[in-house]
Amino acid sequence: MSPLPIDLGDGVLLRRYTLDDADDVFALVDANRDRLGVWMPWADSTRTIDDERAWLASVLRDPDDLEGTALIVEGRYAGGVGLSRGPFGIWAELGYWIDREHEGRGLVTRACVALLGLAFDELGVHRVVIRAGVGNARSRAIPERLGFTQEGVLREEGRGVEGFHDLVVYGLLEDEWRART
């Protein structure tokens, strides 16, 4: 059973998407397409509401999947934060994006802390990774703030509308998380 929703305080909620979110999610992706598309290949390929519905349906198939989680601020969709588990549940990858109007308020960091707690304490993963574009300072600040270790740079592993770009890989191990909390 999914541990969501999680109340993050101050009118912020982390919850699973529903198919009813399609219009709001698509509208926010569309409004942020110029800046998301630089770093995330899915932003350019999500061109219609039907594209959004298909993605939502794919992440809703498994009720325990944490890839499809919505960040809700004061009742409105503000971005997405997801945890994708690797094979055998040994590791997971944390990804996120937020509407430009909500940047700089620590909302993604709070959501990441909640999902890290679930990853290590409930799902039993040993390692969580975050990949961010080398030039994406805001995205890189989150793992750095949360005590992740920069492990390396993957050459041209990322792709956006401007072409391929390098990704910085950050990792956090279970014992590092426990020492932090």
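Odds and ends about this structure:
- Flag for Leu172 being buried (at least 18 other Cβ atoms within 10 Å of the Cβ) and in contact with a Ser or Thr (Cβ under 8 Å, 6 or more places away or on another chain): yes
- Restricting attention to region 74-122, the residues that are under 17 Å from Val25 (Cα atoms) and acidic (Asp, Glu) add up to 4.
- Residue within region 124-141 that is hydroxyl-bearing (Ser, Thr, Tyr) and in contact (Cβ under 8 Å) with a residue 40 or more places away in the chain present: yes
- Restricting Val81, Val73, Val12 to those that are out of contact with any Ser or Thr (no Cβ under 9 Å at 6 or more places or on another chain), closer than 21 Å to Glu122 by Cβ and not acidic (Asp, Glu) reduces the list to Val12.
- Close pairs from region 11-27: first under 17 Å from Val113 (Cα atoms), partner in a helix (DSSP H, G or I) and at pLDDT 95 or above, Cβ under 9 Å, at least 6 apart: Val12/Leu107; Val12/Arg110; Val12/Ala111; Leu14/Arg110; Leu14/Ala111; Leu14/Ala114; Leu14/Leu115
- Matching strands (runs of 3 or more DSSP E) fully within region 116-181 where at least 1 residues are over 18 Å from the mean Cα position of the chain (by Cα): 149-160, 163-173
- Every residue from region 86-113 that is assigned to a strand (DSSP E or B) and either open to solvent by 60 Å² or more (accessible area, probe 1.4 Å) or among the aliphatic types (A, V, I, L, M) (or both): Trp91, Ala92, Leu94, Ile98
- Residues satisfying the stated conditions in region 27-67, i.e. out of contact with any Ser or Thr (no Cβ under 6 Å at 6 or more places or on another chain), assigned to a loop (DSSP other than H, G, I, E, B), closer than 25 Å to Val168 by Cβ and of a type outside the set (A, V, I, L, M): Gly37, Trp39, Thr46
- Positions within region 114-139 being buried (at least 17 other Cβ atoms within 10 Å of the Cβ), under 17 Å from Arg180 (Cβ atoms) and out of contact with any strand residue (DSSP E or B) (no Cβ under 7 Å at 6 or more places or on another chain), in sequence order: Phe120
- When the residues of region 1-46 are filtered to those that are over 24 Å from Gly133 (Cβ atoms) and polar (S, T, N, Q), the one that is most open to solvent (accessible area, probe 1.4 Å) is Thr18.
- Gly86 being at pLDDT below 95, in contact with a strand residue (DSSP E or B) (Cβ under 8 Å, 6 or more places away or on another chain) and among the small types (Gly, Ala, Ser): yes
- Only one of the numbered conditions (1) open to solvent by 60 Å² or more (accessible area, probe 1.4 Å); (2) modelled with pLDDT under 95; (3) not hydrophobic (A, V, I, L, M, F, W, C) is violated by Arg76, and that is (2).
- Selection count, region 140-169, where residues are of a type in the set (Gly, Ala, Ser) and open to solvent by 20 Å² or more (accessible area, probe 1.4 Å): 4
The values are calculated or read from the model by the stated rules, or taken from the named source; none is laboratory data. Computed from a predicted structure; not experimentally measured. Cβ coordinates were reconstructed from backbone atoms using ideal geometry, including for glycine residues, and neighbour counts include every protein chain displayed. Note: areas computed on protein heavy atoms with side chains; ligands, DNA, RNA excluded. Shrake-Rupley method; radii C 1.70, N 1.55, O 1.52, S 1.80 Å.
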